[in-house]
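Report on the structure given below.
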Amino acid sequence: MPKLTLREIVGLLLIIAALVLTPVAWAFSRLLWLLAFSLFIAGIMCFYTQRMWKREEERIKKGSDDASCHERGAAVPTDIHNYTGWGSGGRSETMDSSVDSGDADAD
């Protein structure tokens, strides 16, 4: 199990306190609802931001930034089946285009 920092522990405790307070708030007061919601958001912010900071530090230590990740291989084609029609200049063909029927107005 990864070692938790004090900030992550506080975040988890705030989340747990909010979850414990929620049934009480549901039964009694809207002010308790606001308190439970605030504790939950504060807990998420404390826990999640610390995790993101750690992940960013590890990414910087490894030296893998987004630019080098994109330079490793060729770009994946996005519209290989020409669903958008851009491969044919934006023109789409109808179902009847394969049948050579003459102009309907011709005499």
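The values are calculated or read from the model by the stated rules, or taken from the named source; none is laboratory data. No experiment lies behind these values; they were computed from the predicted model shown. Every residue, glycine among them, receives a Cβ derived from its backbone with ideal geometry; neighbour counts consider all protein chains shown.
Observations
- When residues of segment 64-83 are limited to those that are within 21 Å of the chain's Cα centre (by Cα) and either closer than 30 Å to residue 6 by Cβ or of a type in the set (Phe, Trp, Tyr) (or both), the one modelled with the highest pLDDT: 64
- So residue 61, is it exposed (fewer than 10 other Cβ atoms within 10 Å of the Cβ), at pLDDT 70 or above and of a type in the set (D, E, K, R): yes
- The residues of segment 20-34 that are part of a helix (DSSP H, G or I) and either under 18 Å from residue 47 (Cα atoms) or polar (S, T, N, Q) (or both), listed by number, are 20, 22.
- Some residue of segment 5-19 being surrounded by 11 or more Cβ atoms within 10 Å (Cβ to Cβ), in a helix (DSSP H, G or I), touching a residue at least 12 places away in the same chain (Cβ under 8 Å) and among the polar types (S, T, N, Q): no
- Criterion (exposed (fewer than 11 other Cβ atoms within 10 Å of the Cβ) and among the aromatic types (Phe, Trp, Tyr)) met by exactly one of 28, 47, 37: 28
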